[in-house]
1. Can you tell me the dipole magnitude for the chain around its Cα centre, using point charges on the Cβ only (Lys, Arg +1; Asp, Glu -1), in Debye to the nearest 20?
2. Viscosity 1.002 mPa s, temperature 20 °C: what is the translational diffusion coefficient of region 492-608 from Stokes-Einstein with a Kirkwood Rh over Cα pairs, rounded to a whole number of µm²/s?
3. Please compute the contact order of region 495-642 in relative form: average sequence separation of alpha-carbon pairs under 8 Å and at least six residues apart, divided by the residue count, as a percent.
4. Could you work out how far helix 116-127 tilts from the main Cα principal axis of the chain, as a 0 to 90 degree angle to the nearest 10?
5. List the lysines whose Cα sits under 17 Å from the Cα of residue 425, skipping any in the same chain fewer than 8 residues away.
6. Kindly write out, for region 166-176 in residue order, the coupling ³J(HN,Hα) from the Karplus curve 6.51 cos²θ - 1.76 cosθ + 1.60 (θ = phi - 60°), rounded to whole Hz, with x marking Gly and Pro.
7. Would you mind giving the average projected area, over all directions, of the Cα convex hull of region 97-150 in nm² with one decimal?
8. Please report, in cubic angstrom per residue, the volume enclosed by the convex hull of the alpha-carbon atoms of the chain.
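All of the numbers you see were taken from the coordinates with simple rules; none came from a lab. Remember, it's a predicted structure, so these values are computed and weren't measured experimentally. Because the Cβ atoms are built from the backbone with ideal geometry, glycine has one as well, and the counts that use them run over all protein chains shown.
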Amino acid sequence: MHRRHLLIGGGSLLALSACATAGTGTGGTTNPMNLREEEAIARAVMPSAAPRAELLQPWTGPYGGVPPWDKVTPAKMREALLEGIELQRADINAIANNADAPTFANTIVAMELAGEPIDRAFNIFSVMTSNIGGDEWDRLEAEISSVLTAAFDEITFNEKLFQRVKAVADNADAAGLNAQQKRLAERRRDAFIRNGAALDAAGKAELGRINAELSNAFTAFGQKVVADENTWTVIETEEGLRGLDASSKAAAAAAARARNIQGWAILNTRSSVDPFLTFADDRALREKVWRKFVNRGDNGDANDTKSTIARIVALRHQRARLLGFTNHAEWRMQDTMAKTPAAAMELMERVWAPAKARVAEEVADMKAIAGHDIEPWDYLYYAEKVRKAKYDLDQNEIKPYFELHAVREASFYMAERLYGFKFVKLPKGSVSTFEPDVTTYEVRDKATDRLIGLYYADDFARPGKRSGAWMTTYRSFSNLTGSKPILASNNNNFVKAEEGQPLLISLDDAETLFHEFGHTLHYYSSVVDYPSFGETPRDFVEYPSQVHEHWVLTRPILDGYMKHVETGQPMPQSLVDKIEASSTFNQGYATVSYLSSAIVDMDMHTQATPPTDIAAFEKASLDRIGMPKEIVMRHRLPQFNHLFTSDAYSAGYYSYLWSETMDADTWAYFEESGDVFNPDIATRFKALMLAPGNTTDRGEAYRQFRGRNPDVAALLKVRGFPTH
């Protein structure tokens, strides 16, 4: 996750931004001398006043400057954001009111550089609200979100600015722009139009009202879900933990002590809930933990989100119609690889039928062991029993090989083998961090020892921190803005182990860590000239992250890093064989729980009339597709942060499946070569898929990399479904 160019017309609220090692760009780029000339012309247009607020100042210290975490307070951030808006307004007005004829340098490049002070402040703000939270930050976010949205709209609705951008794009060929410059200008023009720049005055006023109300609703939704997640289920006796491994018991005990609770606490986050649902023998307690988790945002209290969702969906529909689109999904998918809701639904429906059929098989196997009907709180528990019976494989047998710090070191090894990145851990306190538990690493090029960036690892759950796992960049790179080290982080929600004890995570958690690290590697690999080219289509963003999950169980990583926490021995091949033999096990559950969420998302955002009764809509949508009663959506609507904390993944949750089609096909390419670390393929993957960002069309780039379009058969094979 990263918010880059939030206030620049056409910027995405949650866009993957440019981030690269220094060097010349690719794909029809300008040369460095032209970039310097462009930058000089652009900066001459808008001689910004020096910022006064402390959090707007250029960052100082090591690594080209790092965020001043020790100086951050809500009051200072409020001051910085408000002044930053004024400074950016001055930049934008200078561009719009320039008396010279519009050119690529004095208009498009100038916009790429506008608002640098607020960009710095907002990167800090997003970390404090996501990773720290709390009442003061919640109040500031509630106050400032609509102000920021209004500032964004002010840029989009600036008629003089839009006409200058449009003139550059419309006359790109006559002006002799190269392919990259033309693409950037045209994308900027199209984004302006897509966001309302071509509306009349009344239309702009109405769109501004809608956007402001949406911004407030997004903030309210996110804060309600966080409040519901900052809860737990108390297990009063050790008997209630029967079936759990020692590591999970210790984590539950530590969580209870940290909250001054007698007994054990199962936190209301997936990394705590899933192990309990998988191993706890007490069926009544499993149901209690499950209900608390799946009912986040759906308890009819002050944190209930359903009315907020209804308002968001209604506002999105109004906006889409105002902008000339049939529905929100049609509007959102204009700048994606899939292009249309129908194309996304076609892929989802192709996978849904075999996934649902597999669930029926899985349930039959579980009922044979359980002797009763399978309820949603039974699924993971009895699936584990079936796994044990079919494959002689116990997840608790696997877990001792996945110690958190060893898994991270393994991810570093993968990065070094594939891309030549070397990660060097820094002593505690050598770099300021936003939380004492954050660990930092230098990122260097192995061959030259050149500094590439700084990596922050934020692993642990805490009150106020949003749930899940994500990545963020604090500073990205482009050839236009220079070669300061890239600052990026991965963020998880693991429950701390007892002092001095190893923190063991599941195989699924290990794959999630590699997934988020894959996003980070995308940033460190990217080589773009202009910052906006770091923003790739939503249904491409997850591809570089998902493909890196496959390396977790490769033999070099297992031998070097996944060693048993007690014996020190690497995972034996016999156990790997069991895991691989069961690799398609429970894929019905995994696919249906995810895909139901994606289908309901698309269904909701393609309705002719937006739903008002969210509970009834969710049920009707699931009934229409024949959702198995034994499974619940991975993200039910009342807690679906992807959809309702911004527009980023709305009508776009399908993107994980779209990206997985490419990632499965890419992994098949590595495997078919006979070397999963094949250096030639890795070099081409980095050069064609990671480095260029959105400098070139991503579908065409994939065809250049693979020699053809991605084959969906590879995806079906990975999940163990029929390929015909």
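1. Details: 81 positive and 97 negative charges, 159 e Å.
I would put it at about 760 debye.
2. Diffusion coefficient, whole number: 122 µm²/s.
3. This gives 17 percent for region 495-642.
4. Around 10 degrees separate the two axes.
5. Of all the lysines, those that pass the test against residue 425 - Cα under 17 Å, at least 8 places apart if same chain - are 446.
6. Along region 166-176, the couplings run 4, 5, 5, 5, 5, 10, 4, 5, 5, 7, x Hz.
7. 4.9
8. On the way: hull volume 110.5 nm³, N = 724.
Looking at the chain, the number lands at 153 Å³ per residue.
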